[in-house]
Amino acid sequence: HYVKLDVPVTLFAALAHAALALVVADRERAGRRSTWLVAGACAGLAISTQYYAGLLAVPFFAAAIAYATRSRRWDAALALVLVGGLATLCGFLAGSPFFFSDFSVLARDFTELRQVDIDRAVGVGLFSSLGPYARMLTFGALGIPVAVLAAVGAVMALARDWRRGLLLV
């Protein structure tokens with residue numbers, strides 16, 4: 001309906017996921033630093049657009065685990081995750097060079113972000129947001145048929161190839 005931060009953060013997150021999909025699907029590209037650098041830079045730009053994109057760390061570690069179990073090279077997987085992490089930091093700083101300049105503004109922004117995005121939508125406590133967000137997704141954003149088909153697709157992807165399915169989930 002209108003452009004907000006959701007559009008660029010989705011673009012950068014999708015690009016990061018596309019690079020990570022190469023790690024999972026392509027044995028040759030999985031061990032290349034360039035693949036992890038691209039994924040990291042895109043993740044950093046996504047995080048600089050919306051801090052919640054920091055959850056991209058989860059698919060990074062999932063891709064590294066998939067790579068390590070396939071190659072039996074845990075040391076190489078750790079080194080590549082560190083390369084991706086450094087690229088993430090560089091992408092973040094390129095998108096938000098002011099981040100470390102004034103910590104009082106940073107603290108205020110995070111407080112306002114929490115008040116707007118979390119406190120008004122959910123209660124307090126561990127996993128208290130799970131129910132409200134599930135309702136928002138199924139009844140609000142997606143609708144029940146699409147949510148059910150997405151869940152079925154996730155289960156099918158995990159059953160077919162757990163590495164690719166893990167990245168999807």
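Yes or no, residue by residue, for (1) in a loop (DSSP other than H, G, I, E, B); (2) at pLDDT 65 or above; (3) closer than 20 Å to LEU5 by Cβ:
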site: VAL105; (1), (2), (3): no, yes, yes
site: ASP117; (1), (2), (3): no, no, yes
site: PRO132; (1), (2), (3): no, yes, no
site: GLY140; (1), (2), (3): no, yes, yes
site: VAL146; (1), (2), (3): no, yes, no
site: LEU149; (1), (2), (3): no, yes, no
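For the stretch 151-169, a residue qualifies if it is among the charged types (D, E, K, R), open to solvent by less than 70 Å² (accessible area, probe 1.4 Å) and assigned to a helix (DSSP H, G or I), and exactly one does: ARG163.
Could you list, in sequence order, all residues of the stretch 1-20 that are in a helix (DSSP H, G or I) and either open to solvent by 40 Å² or more (accessible area, probe 1.4 Å) or acidic (Asp, Glu) (or both)? I'd like the intermediate steps shown before the answer.
To start, the set of residues in the stretch 1-20 that are in a helix (DSSP H, G or I) comprises 6-20.
ASP6, VAL7, PRO8, THR10, LEU11, PHE12, ALA14, LEU15, HIS17, ALA18, listed by residue number.
The values are calculated or read from the model by the stated rules, or taken from the named source; none is laboratory data. Because the structure is a prediction, the values reported are computed rather than measured. Here the Cβ is made from the backbone with ideal geometry for all residues, glycine too, and neighbour counts use every protein chain on show. Surface accessibility is based on the protein's heavy atoms, side chains included, excluding ligands, DNA and RNA. Shrake-Rupley method; radii C 1.70, N 1.55, O 1.52, S 1.80 Å.
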